[in-house]
């Protein structure tokens with residue numbers, strides 16, 4: 001992993017625990033509406049569909065009967081997504097094993 005990726009991986013690992021609070025605070029301060037629920041309702045997902053979720057922010061708006069997959073450079077953010085999924089009682093987030101995720105990331109980003 002090069003210096004830039006390691007730098008951002010470390011940064012997001014550190015901010016992951018407070019990321020959701022910071023996002024909600026930003027939305028409240030900026031008064032920007034969240035159009036996510038409207039956009040996601042337009043998706044034609046069937047039960048058992050597979051969803052590639054990057055941020056975990058969409059989990060509350062997606063159907064509970066679909067399978068989630070998360071991919072991120074930061075393990076802290078992946079853990080945040082898994083905890084969010086468990087808190088929503090979906091328990092359908094699949095986070096690959098550390099070594100497998102690293103090889104997937106290398107194929108995508110490097």
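The values are calculated or read from the model by the stated rules, or taken from the named source; none is laboratory data. Since this is a predicted model, take the numbers as computed values, not measurements. Here Cβ is always computed from backbone atoms with ideal geometry, including for glycine, and neighbour counts include all displayed protein chains.
The table below gives the values:
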{"read-out": "All positions within region 65-84 that are closer than 11 Å to residue 55 by Cα and free of Cβ contacts under 8 Å to residues at least 40 places away in the same chain", "value": "69, 70, 71, 78, 81, 82"}
{"read-out": "Some residue of region 93-103 being at pLDDT 80 or above and either in a loop (DSSP other than H, G, I, E, B) or crowded, with 17+ Cβ neighbours inside 10 Å (or both)", "value": "no"}
{"read-out": "Test: residue 56 is in contact with a strand residue (DSSP E or B) (Cβ under 8 Å, 6 or more places away or on another chain) and closer than 16 Å to residue 79 by Cβ", "value": "yes"}
{"read-out": "Region 14-34 residues that are closer than 18 Å to residue 54 by Cβ, paired with ones that are surrounded by 11 or more Cβ atoms within 10 Å (Cβ to Cβ) (beta carbon under 6 Å, 6 or more apart)", "value": "16/76; 16/77; 16/80"}
